[in-house]
Structures are given as C-alpha cells and as structure tokens.
Amino acid sequence: MAKSSQATWGGRFGAGPAKLMLRFSESVSIDRRLAPFDIAGSKAHAAMLAHVGLITAAERKAIHRGLDAILAEIAAGKFKWKASLEDVHMNIEHALALRVPAAAKLHTARSRNDQVATDTRLFLKHACAELRELLRLAGRAILAAAEAHADVVIPGYTHLQRAQPVFLAHHLFAWLEMIERDRNRLSAVAAHANWCPLGSGAIAGTTLPIDRAYTARALGFVDERGRPQLTQNSMDAIGDRDLLVEFAAACALTGVHFSRIAEDLILWTSTEFKFADLPEAFCTGSSLMPQKRNADACELMRGKSARLQGNLQTLLTLGKGLPLTYNRDLQEDKPPLFDSFDQTALCAEVLAGVMQGITIYRDRCAEAAGDPMLLATDLADHLVRQGVPFRAAHHAVGAAVALAESRGVPLPDLPTADLRKIHPGFGRDWAKSFDLATALRRRTGVGMPGPAQVRRQAARWRKLLRG
Ligand code: ARG
C-alpha cells in the first residue's frame with residue numbers, strides 16, 4: 001500500500017490507495033484540460049464565499065492570486081500534475097494549498113460533484129462556440145469554391161446513377177445546408193449547457209448561506225437579458241450527463257455529414273469521374289505504386305465519423321442503468337467528450353483546407369453534364385405541357401429512350417416521325433428540351449437548381465457565413 005493519502009478525502013483513511021488503484025482511478029491525465037474552467041469556477045466560488053461573508057475579502061484576494069498563478073504555470077507547461085491527486089480538481093486545490101492558507105476554505109459549500117458538472121458545462125459552451133466557428137470557416141471555403149465555379153454544371157445522382165443536371169454550386173450548397181443544421185444543433189447544446197449547477201454540492205446542496213445566482217452570473221450562466229440561470233434539482237444537476245450525450249450526438253451527426261461530403265469528393269476525384277482534384281497537401285501517395293495520389297484526407301474524415309458515433313454510444317451506455325446520483329463510472333465521460341470535440345474540430349479544419357485548394361475540371365464536368373439522358377424528365381415535362389398526363393408522358397419517354405438505345409443513337413437525334421409514332425403529343429420543338437441552359441433556367445422555384453435561385457442562395461450563404 002502507498003503511504004497515507006494526500007487526497008482531500010484522506011481523513012477517514014489509515015492508508016492511501018494501492019498504486020494499482022491510483023493508476024486505475026486517476027483522471028488527471030485526461031481531465032487536466034478542464035483546468036482553465038476549473039479555475040474560473042473556483043474564482044467565482046471564492047468571490048461568492050466572500051460576498052456572503054463565509055471568507056474574508058483578503059482571503060478571496062489570496063485565493064484569486066494563487067489561482068491566477070497556477071493557471072499561468074499550467075499555461076507555461078510548468079505545473080507538476082500528480083496522478084496521486086487523482087483529478088484536475090484535487091491537483092489544483094492541493095497546489096493552491098501549498099501557496100495560500102485560505103485555500104483550505106475554498107471547498108466550503110462545494111463538492112467535486114458540482115465542481116465537475118460546472119467545469120463540464122463551461123467546457124461545453126466553449127466547445128460549441130469553437131466548433132460553430134470552425135464549421136463556419138469550412139462553410140466559407142465551400143461557398144468560395146461554389147462561387148469560383150458558378151457556371152459549372154454536373155450531373156446530380158440518385159442511387160449513384162446519373163439523374164438530372166445541377167449547378168455544382170447547388171450540390172455544394174446542399175453541403176452547406178447540412179453543416180448549417182449541425183451549427184444550429186451545437187447552439188442548442190450550448191443553450192442547454194447554460195444553467196449553473198454550482199451549489200448542488202455532493203448531492204443535497206449545503207446548509208451554508210451561499211448565493212447561487214452570484215456564481216451563475218460571475219460564470220456567465222445567464223439568459224439574453226443577463227438573468228442568472230440555475231439548475232433546479234441538485235440530484236439531477238450532479239448526476240446527469242444528458243448534455244454530453246447531446247454534444248456527442250451533434251458531433252456524430254456532423255461526422256456523418258463530413259463523411260458524406262468526403263465520399264462525394266472521393267468519387268469526384270477518381271479517374272472514373274475526374275470532376276475534381278484535391279490539393280496535394282491533403283493527399284498521400286502509395287509506398288508501392290508510384291502513380292497513386294490518394295484522397296486520404298477524405299477517407300479519414302469518413303473513418304473518423306465511425307469514431308464519433310462510438311463516442312456517442314459510449315456516453316449513452318455509460319448512463320444507462322446507473323442509480324441516481326453520482327457514481328464514479330461517470331468519470332469515464334471525459335475521454336469520449338474530448339475526443340468528439342477534437343476530432344470534429346480537426347475534420348472541420350481539414351474540410352476547409354481541402355476545399356480551399358480544390359481543382360475543378362470544367363471540361364470533364366461539361367462532358368458529363370452534356371449527357372442528354374439527364375434531360376429525359378424534361379422531355380416528359382414537354383409532353384405534359386402539351387396536355388399529356390405525366391404517367392403517359394413518362395411511359396412515352398421511356399419508350400423513346402429504349403428506341404434510342406436499340407438504335408445506338410443519342411435520344412435528341414431520333415427522327416420526330418418515330419417519336420410521334422410512340423406518342424402523338426411530341427410537339428415540333430421537343431428537341432429543345434435537351435438544351436441544358438434552358439432546362440436549368442426553367443427551374444425557378446425556391447430550392448431548385450435554376451441559375452437565379454443559385455444566385456439567391458449564394459447571397460444567402462454569404463450573409464449566413466459572415467464572421
Ligand atoms: N474526477 C471525478 C469525475 O470526473 C470528479 C468527481 C469526483 N467525485 C467523487 N465523488 N469521487 O467524475
């Protein structure tokens with residue numbers, strides 16, 4: 001057994017935990033990154049204790065000064081973290097105690113349970129804001145690529161089969177819609193995190209006359225009018241990890257979107273498509289095949305989405321079946337939390353980098369978008385304009401497609417007489433349906449890929465993604 005414990009809870013123990021137990025139970029190797037939030041929480045708590053008269057102004061000052069010095073030491077990489085002190089909270093409190101006698105009063109009316117709940121909420125608010133910004137920057141890179149290639153048309157795909165033509169910008173704006181919803185989900189998580197749990201204590205609050213509103217205000221847990229927001233049940237506040245699940249879910253869904261975007265890019269950059277190439281800085285070669293240029297950045301984005309889903313699963317399972325309230329199991333919430341943040345942030349940055357350097361091959365896009373089959377539906381619409389019911393029109397164009405295929409000629413080259421035999425509704429100007437520019441111009445409705453709509457969407461995104 002180790003020597004008598006230095007731990008803050010050591011009073012009732014004759015000896016400290018076994019070395020193996022320390023290695024097993026320490027979390028400081030992971031949760032030390034909560035230090036800035038932990039120190040902010042402690043400073044607010046000390047200020048509140050002074051405000052209600054539980055410590056003196058001089059003690060508060062000493063505590064603040066000590067915590068500031070510790071934060072500076074941590075930032076400079078000089079702080080000595082000790083696994084024997086378990087977690088970030090006890091490491092900081094212990095270091096403070098070595099500097100400031102008043103440190104012994106800091107934990108008045110507080111537990112590590114409401115402390116870690118507070119730290120986590122502060123971290124989440126910060127993480128959501130960071131990710132929202134990184135996603136905005138990725139969005140801007142996508143928007144810039146769309147605007148630089150505003151006239152490029154590509155086939156849109158369903159079932160990965162050529163379907164109908166769209167402006168490349170329309171496809172890229174679909175990505176922006178996905179990312180914008182992800183940003184909104186992160187805002188919702190930040191709003192849910194914006195309630196202060198300090199004062200919940202270990203489970204049942206405190207008998208001391210604390211001022212919860214004071215701490216909440218000091219830490220920025222306020223509504224848009226500056227009114228403090230306090231969690232309303234001490235047991236729930238320290239025992240629940242919903243917020244982490246919500247955050248991990250928002251990250252996992254963002255990851256699914258990254259993964260779909262990555263897959264589009266992998267397809268577009270394959271020799272078979274060659275609509276685009278990724279910047280060399282985001283590709284790697286093969287150790288064996290000298291010609292290879294692999295889209296590893298995109299493949300990793302696709303792969304990381306699995307990891308983000310795993311983190312969500314970990315957090316869901318962690319809470320399942322736990323009796324109220326705090327159980328040490330909950331300490332395992334931090335690795336998936338931090339990993340979801342880190343990996344989502346990285347993916348957003350990589351996506352921005354990839355899109356900033358993307359090359360679009362206009363000729364290949366034009367060639368693919370020139371496939372007249374993409375406008376078979378427009379030909380059916382032509383029949384509808386002549387009064388033919390859509391089902392009959394669809395059937396007639398299907399027969400025309402089959403005829404063109406059997407003769408080995410492009411659909412627009414079929415003689416009008418043969419088409420009239422299929423359906424008398426084919427008018428004189430049926431072949432005009434195959435004019436790509438006209439076909440796109442006809443798509444005037446909101447959300448459609450017509451040129452006027454795409455221009456409107458570009459303006460909308462410029463506004464939405466402005467800093
Ligand atoms: N390191 C702990 C965690 O992250 C802090 C809370 C500890 N509370 C306790 N009662 N042991 O969960």
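Only one of A76, A97 is small (G, A, S), surrounded by fewer than 15 Cβ atoms within 10 Å (Cβ to Cβ) and free of Cβ contacts under 8 Å to residues at least 40 places away in the same chain; which? Spell out the reasoning first.
Numbers: A97 fails: surrounded by fewer than 15 Cβ atoms within 10 Å (Cβ to Cβ).
On inspection, the qualifying residue turns out to be A76.
For (1) more than 13 Å from the ligand (Cβ to nearest atom); (2) hydroxyl-bearing (S, T, Y); (3) over 14 Å from the mean Cα position of the chain (by Cα), each residue gets a yes or a no:
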{"position": "K304", "(1), (2), (3)": "yes, no, no"}
{"position": "N311", "(1), (2), (3)": "yes, no, no"}
{"position": "G321", "(1), (2), (3)": "yes, no, yes"}
{"position": "Y326", "(1), (2), (3)": "no, yes, yes"}
{"position": "L330", "(1), (2), (3)": "no, no, yes"}
{"position": "K334", "(1), (2), (3)": "no, no, yes"}
Among the numbered criteria (1) farther than 24 Å from A193 by Cβ; (2) among the hydrophobic types (A, V, I, L, M, F, W, C); (3) part of a helix (DSSP H, G or I), which single criterion is violated by I39? (1)
What number of residues within the stretch 82-93 satisfy the criterion of being away from the ligand (no atom under 11 Å from the Cβ) and either closer than 15 Å to D119 by Cα or surrounded by fewer than 17 Cβ atoms within 10 Å (Cβ to Cβ) (or both)? 4
What are the pairs, 6+ residues apart or on separate chains, where a residue within the stretch 444-467 that is under 25 Å from A352 (Cα atoms) has its Cβ under 6 Å from a residue that is not in a helix (DSSP H, G or I)? P449/V166; P449/F167; P449/R443; V454/F167
What pairs can you find where one residue is in the stretch 20-32 and among the aromatic types (F, W, Y), the other is more than 9 Å from the ligand (Cβ to nearest atom) and outside any helix (DSSP H, G or I), and their Cβ atoms are less than 9 Å apart, with a gap of 6+ or different chains? F24/P17; F24/A18
Given (1) in contact with a Phe, Trp or Tyr (Cβ under 9 Å, 6 or more places away or on another chain); (2) within 16 Å of the ligand (Cβ to nearest atom), E130 misses just (2)
Which of the residues that make up the stretch 101-118 are in contact with a His (Cβ under 9 Å, 6 or more places away or on another chain), part of a helix (DSSP H, G or I) and away from the ligand (no atom under 16 Å from the Cβ)? A103
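Since every read-out is calculated from the coordinates, none of them should be taken as a lab result. All values reported here derive from a predicted model rather than from experimental measurement. Here Cβ is always computed from backbone atoms with ideal geometry, including for glycine, and neighbour counts include all displayed protein chains.
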